[in-house]
Amino acid sequence: MKLFIPGPVEVRKDLLEVMSDPMIGHRSPEFSELYDDVVSGLQSVMQTDNDVFISTSSATGLLEASVRNTVDEKCLNISNGAFGDRWHEITMRNGKDCRKLEFDWGEPVDSDVVAEAFEEEFYDVVTLVHNESSTGLMNPVKEVSKVLPDDTLLLVDTVSSMGGVDFPVDEYGVDICVFGTQKCMGLPPGLAFCSVSEDAVDRSEVVGDKGYYFSFDIFRKYNGRRQTPTTPNISLLYALEKQLDYIVNEEGVESRWERHSVMANETREWAREHFDVFPASGYESESLTAVENTRDIDVGKLISRLKDKGYVISNGYGDLREETFRIGHLADRQPKEVTELLNIIEEILDL
Ligand SMILES: Cc1ncc(COP(=O)(O)O)c(C=O)c1O
């Protein structure tokens with residue numbers, strides 16, 4: 001099966017193979033070498049000098065950790081999609097005082113409206129999803145960052161964009177940036193990462209009730225030893241080390257972003273010719289395209305006919321189930337494979 005869903009993604013054979021290498025102890029010098037390699041590769045991909053913590057969890061674990069460690073007063077959860085909503089729910093379920101600032105699904109977050117929210121009330125933390133996988137939209141994080149007060153921490157979910165899209169964490173003033181292995185990084189699910197600014201770790205020192213597993217002060221302590229606090233998924237770290245070397249030294253981060261752009265452009269052009277693109281123009285995702293079902297096709301039927309031919313795409317998310325369908329063009333996919341998929345959809349739908 002060829003996966004064209006917004007993650008998990010197809011993983012190269014050489015990466016799967018390295019995952020069967022023998023174990024090493026996670027308190028050994030060999031592990032610290034692996035840790036150093038991986039952290040410096042992640043810092044390159046994220047364009048940050050901040051510490052990067054590695055968690056054996058899916059990305060949601062670190063999305064939860066990020067609010068748990070930093071919200072002392074009140075959090076503003078900005079949302080224009082399912083994952084923005086989810087982060088608000090996470091914040092609430094952790095007993096934090098919070099407000100959801102909502103925008104229509106498919107419309108970008110408006111930084112002027114964010115600035116107005118701060119005129120009414122102060123928030124010590126803002127959460128924002130960069131690449132909203134439910135609507136195929138990329139939010140203008142830089143613009144939002146600019147309107148925030150200095151003592152507000154900006155937390156960003158780049159789960160479905162980091163590694164495939166140019167997202168300079170330090171330049172954008174992002175205090176905590178979260179993503180995982182299973183999307184643009186082209187690896188199996190199982191590890192998540194977050195860069196954490198000094199301000200964010202300092203805040204975590206004064207915030208109570210952080211539990212143990214996701215406590216940033218414990219992460220910081222072990223990071224100083226070039227280790228993770230608890231036993232990590234070592235097999236996946238082998239694959240991550242190999243993939244980071246490939247991304248940074250072989251393919252090159254800029255070429256990787258460019259390849260994602262080429263695939264996104266082709267998919268968008270195709271969608272505009274035969275259907276439409278769901279998110280507002282100028283804010284379309286580079287890693288997945290949400291195609292607006294303007295022809296009122298039976299999305300479930302298209303998905304099952306594609307499956308018969310060995311291709312998997314996604315239906316729309318939640319309420320958008322039949323209104324859109326989503327094509328993932330991320331990780332190590334090649335433009336010619338995207339062309340191949342689009343041709344097959346044309347054939348099935350007789351476009
Ligand atoms: C934008 C976004 N945020 C968060 C998540 C949740 O990530 P995970 O399943 O790794 O916890 C996803 C997963 O699809 C996502 O696309």
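The values are calculated or read from the model by the stated rules, or taken from the named source; none is laboratory data. In this text, all values refer to a predicted model and were calculated from it rather than measured experimentally. A quick note on method: Cβ atoms are made from the backbone with ideal geometry, for glycine too, and the neighbour counts reach across all protein chains shown. These accessible areas exclude ligands, DNA and RNA; they are computed on the full protein's heavy atoms, side chains included. Shrake-Rupley method; radii C 1.70, N 1.55, O 1.52, S 1.80 Å.
Taking the criterion of being in contact with a Phe, Trp or Tyr (Cβ under 8 Å, 6 or more places away or on another chain) and open to solvent by less than 40 Å² (accessible area, probe 1.4 Å), would at least one residue in the stretch 35-43 satisfy it? Checked against the condition, which is being in contact with a Phe, Trp or Tyr (Cβ under 8 Å, 6 or more places away or on another chain) and open to solvent by less than 40 Å² (accessible area, probe 1.4 Å), the stretch 35-43 yields at least one hit. Filtered by the rule that a residue be open to solvent by 20 Å² or more (accessible area, probe 1.4 Å), in contact with a Phe, Trp or Tyr (Cβ under 9 Å, 6 or more places away or on another chain) and touching a residue at least 40 places away in the same chain (Cβ under 8 Å), the stretch 260-294 gives Phe278, Glu284, Glu286.
Against the list (1) in contact (Cβ under 8 Å) with a residue 60 or more places away in the chain; (2) within 22 Å of the chain's Cα centre (by Cα); (3) more than 16 Å from the ligand (Cβ to nearest atom), the condition Val159 fails is (3). Tell me, yes or no, whether the stretch 7-19 has at least one residue that is in contact (Cβ under 8 Å) with a residue 40 or more places away in the chain, open to solvent by less than 50 Å² (accessible area, probe 1.4 Å), in contact with a Ser or Thr (Cβ under 7 Å, 6 or more places away or on another chain) and within 15 Å of the ligand (Cβ to nearest atom). Checked against the condition, which is being in contact (Cβ under 8 Å) with a residue 40 or more places away in the chain, open to solvent by less than 50 Å² (accessible area, probe 1.4 Å), in contact with a Ser or Thr (Cβ under 7 Å, 6 or more places away or on another chain) and within 15 Å of the ligand (Cβ to nearest atom), the stretch 7-19 yields at least one hit. Listed here are the helices (runs of 4 or more DSSP H) enclosed by the stretch 1-77 that have at least 3 residues being in contact with a strand residue (DSSP E or B) (Cβ under 8 Å, 6 or more places away or on another chain) and farther than 20 Å from Thr231 by Cα: 29-46, 59-70. Kindly establish whether Lys301 is at pLDDT 95 or above, more than 30 Å from His130 (Cβ to Cβ) and in contact with a helix residue (DSSP H, G or I) (Cβ under 7 Å, 6 or more places away or on another chain). Judged against the criteria, Lys301 is not a match.
Scan the stretch 96-140 for residues that are among the small types (Gly, Ala, Ser) and within 17 Å of Gly282 (Cβ to Cβ) and report the count. Result for the stretch 96-140: 3. The residues of the stretch 21-59 that are among the polar types (S, T, N, Q) and within 16 Å of the ligand (Cβ to nearest atom), listed by number, are Ser55, Thr56, Ser57, Ser58.
Taking the listed residues Gly208, Gly252, the one that is open to solvent by 40 Å² or more (accessible area, probe 1.4 Å) and farther than 24 Å from Met23 by Cβ is Gly208, with no other qualifying. Considering only residues that are in a loop (DSSP other than H, G, I, E, B) and of a type in the set (Asp, Glu), look in the stretch 128-175 and name the one that is surrounded by the fewest Cβ atoms within 10 Å (Cβ to Cβ). My answer is Asp150. Of everything in the stretch 60-76 that's within 13 Å of the ligand (Cβ to nearest atom) and of a type in the set (S, T, N, Q), which residue is least open to solvent (accessible area, probe 1.4 Å)? Filtering the stretch 60-76 for residues that are within 13 Å of the ligand (Cβ to nearest atom) and of a type in the set (S, T, N, Q), the one least open to solvent (accessible area, probe 1.4 Å) comes out as Ser66. Does any residue of the stretch 69-81 turn out to be over 27 Å from Val291 (Cβ atoms), small (Gly, Ala, Ser) and touching a residue at least 12 places away in the same chain (Cβ under 8 Å)? Within the stretch 69-81, none of the residues are over 27 Å from Val291 (Cβ atoms), small (Gly, Ala, Ser) and touching a residue at least 12 places away in the same chain (Cβ under 8 Å). Selection of the stretch 109-139 for residues being touching a helix residue (DSSP H, G or I) at 6+ places or on another chain (Cβ under 7 Å) and more than 16 Å from the ligand (Cβ to nearest atom) yields Ser111, Val114, Val125. The residue list Leu187, Leu148 contains one member that is out of contact with any Phe, Trp or Tyr (no Cβ under 6 Å at 6 or more places or on another chain), over 25 Å from Asn315 (Cα atoms), in the same structural domain as Ile90 (by TED's automatic domain parsing) and among the aliphatic types (A, V, I, L, M), which is Leu148. None of Gly106, Gly84 is out of contact with any helix residue (DSSP H, G or I) (no Cβ under 7 Å at 6 or more places or on another chain), within 21 Å of Ser160 (Cα to Cα), in a loop (DSSP other than H, G, I, E, B) and open to solvent by less than 30 Å² (accessible area, probe 1.4 Å) except Gly106.
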